[in-house]
Amino acid sequence: MASPLAAQADTTIVFNNFLGPNDTLYTDVIHPWLNEIEAQTDGRVTFHVPEATLAPPPELLSMVQQGIADGGFIMTGFLEGSNPLLQISMLPSVNSSAMAGSIASWRTYEKHLSKAETLEGVELLGLLTVAPGSFYSMNDTVFDDISDFQGAKFWALPGYASRSLTALGAVVSPGPAVRMYEVISGGVVDAYCCINYPSVLNFNVLQFTKSVTVLPNDFYSPAFAFYLGDEIWDTISPEDQAIIHSLSGEALGRRLGATDAINQKAREDFIAAGGAIHEASDTLVEALAEAWSPIYQSWIDTADTAGIDGAAALAYYREQVALVAAGN
């Protein structure tokens, strides 16, 4: 990301990106965000993005804490052990869109979670979710009733996605997204979850997919934390720190509207390719919420133990998702 203002820069930040160069989260959200910071600071802060990631995905926070890179982002699922409250956006069926989940995550962090949740050694700048995905069937099974999940063989991402499916009686083969094609194409499973419509296309699994059952707030959204290391942050003037914060947090979350538009277009492509979309019935939605109540309660209990009113924080998160979806 060469900048014509780089020669005048007071601070050049090595910002790690582990996504592919054409990934829409990078091209439509992260890259424009970094460019805007450069422009608004008049080149006093610039970014250098290495061509390849400097660490594997689970180590992307410790990499910055150790000074290997100055900034970056990590899937918050890798932080469940150290930062369990940041998992709120990956609870089942809490997000209506990428933008709604991202803004709700930041508002909830500022109002509730920041009292107890910190990322040591870094300045947290944003908490983003991607467009949520739901339940994809590779055969004639349609998930019309909660009993349809009993014994169904699913591929799922590890963590909350896998645990939420297990709570429904599904047989889960968890694994990273890079192994999804291998598991699905090999016939190991007859259903999968977690990913949105662009990912169905990008991971080349549309050809194995017959239908998807969607929820009002879809099943699962991967989430990411964005940060700069304290050492590099302290080299930035207070004025430029204020500019960076003004472009981050909720403002960064609003940039996810671009990916929601991409998700909608990919949904249309899914239908055009013969994929059927089934809206979950109210009965199914209610049954899922009941089955997942211990998962919600576990997060609430963890928050309570940390000195935060977990029930109030989760209710606030859901309220903010609804508000953003309504245009607020």
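The values are calculated or read from the model by the stated rules, or taken from the named source; none is laboratory data. This is a predicted model, so every value here is computed, not measured. So basically every Cβ, Gly included, is an ideal-geometry build from the backbone, and we count neighbours across all protein chains shown. These area figures cover heavy atoms from the full protein model, side chains too; ligands, DNA and RNA do not enter into them. Shrake-Rupley method; radii C 1.70, N 1.55, O 1.52, S 1.80 Å.
Are any residues in segment 80-94 open to solvent by 10 Å² or more (accessible area, probe 1.4 Å) and farther than 20 Å from Arg318 by Cβ, and if so, which ones?
Glu80, Gly81, Ser82
Being within 30 Å of Pro198 (Cβ to Cβ) and open to solvent by 30 Å² or more (accessible area, probe 1.4 Å) is the filter here; which residues of segment 219-246 pass it?
His245, Ser246 - these are the residues of segment 219-246 that are within 30 Å of Pro198 (Cβ to Cβ) and open to solvent by 30 Å² or more (accessible area, probe 1.4 Å).
Only residues that are open to solvent by less than 20 Å² (accessible area, probe 1.4 Å) and either in a helix (DSSP H, G or I) or at positive phi (or both): list them for segment 301-328, please.
Once the filter is applied, which keeps residues that are open to solvent by less than 20 Å² (accessible area, probe 1.4 Å) and either in a helix (DSSP H, G or I) or at positive phi (or both), segment 301-328 yields Ala303, Gly310, Ala313, Leu314, Tyr317, Gln320, Val321, Val324.
Would segment 276-295 turn up any residue that is touching a Gly at 6+ places or on another chain (Cβ under 7 Å) and at pLDDT 95 or above?
Looking through segment 276-295, none of the residues is touching a Gly at 6+ places or on another chain (Cβ under 7 Å) and at pLDDT 95 or above.
Can you confirm whether Val29 is open to solvent by less than 60 Å² (accessible area, probe 1.4 Å), of a type in the set (A, V, I, L, M, F, W, C) and more than 22 Å from Glu231 (Cα to Cα)?
yes
Out of the residues in segment 204-218 that are open to solvent by 10 Å² or more (accessible area, probe 1.4 Å) and under 19 Å from Gly175 (Cα atoms), state the one that is modelled with the lowest pLDDT.
Looking at residues that are open to solvent by 10 Å² or more (accessible area, probe 1.4 Å) and under 19 Å from Gly175 (Cα atoms), I get Asn204.
From the list Glu117, Glu110, pick out the single residue that is more than 30 Å from Gly275 (Cβ to Cβ), outside any loop (DSSP other than H, G, I, E, B) and either open to solvent by less than 10 Å² (accessible area, probe 1.4 Å) or touching a residue at least 40 places away in the same chain (Cβ under 8 Å) (or both).
Result: Glu110 is the single residue among Glu117, Glu110 that is more than 30 Å from Gly275 (Cβ to Cβ), outside any loop (DSSP other than H, G, I, E, B) and either open to solvent by less than 10 Å² (accessible area, probe 1.4 Å) or touching a residue at least 40 places away in the same chain (Cβ under 8 Å) (or both).
Name the residues in segment 143-172 that are of a type in the set (S, T, N, Q) and either open to solvent by 40 Å² or more (accessible area, probe 1.4 Å) or assigned to a loop (DSSP other than H, G, I, E, B) (or both), would you?
If the condition is that a residue be of a type in the set (S, T, N, Q) and either open to solvent by 40 Å² or more (accessible area, probe 1.4 Å) or assigned to a loop (DSSP other than H, G, I, E, B) (or both), then Ser147, Gln150, Thr166 are the ones that fit.
Within segment 191-203, is there a residue that is assigned to a helix (DSSP H, G or I), open to solvent by 50 Å² or more (accessible area, probe 1.4 Å) and among the polar types (S, T, N, Q)? Full working, then the answer.
Narrowing segment 191-203 to residues assigned to a helix (DSSP H, G or I): 197-202.
Add one more test, that the residue is open to solvent by 50 Å² or more (accessible area, probe 1.4 Å), and what stays is 201-202.
So of that shortlist, the ones also among the polar types (S, T, N, Q) come out as 202.
Yes, because at least one residue in segment 191-203 is assigned to a helix (DSSP H, G or I), open to solvent by 50 Å² or more (accessible area, probe 1.4 Å) and among the polar types (S, T, N, Q).
What do you reckon, is Asp140 open to solvent by 20 Å² or more (accessible area, probe 1.4 Å) and either out of contact with any Ser or Thr (no Cβ under 8 Å at 6 or more places or on another chain) or among the hydrophobic types (A, V, I, L, M, F, W, C) (or both)? Don't jump to the end; show me each part of the working.
On the way: open to solvent by 20 Å² or more (accessible area, probe 1.4 Å): yes; either out of contact with any Ser or Thr (no Cβ under 8 Å at 6 or more places or on another chain) or among the hydrophobic types (A, V, I, L, M, F, W, C) (or both): yes.
Yes, satisfied.
So Ser97 ticks every box in (1) of a type outside the set (D, E, K, R); (2) open to solvent by less than 60 Å² (accessible area, probe 1.4 Å); (3) at pLDDT below 95 but one. Which box is left unticked?
Result: Ser97 passes all but (3).
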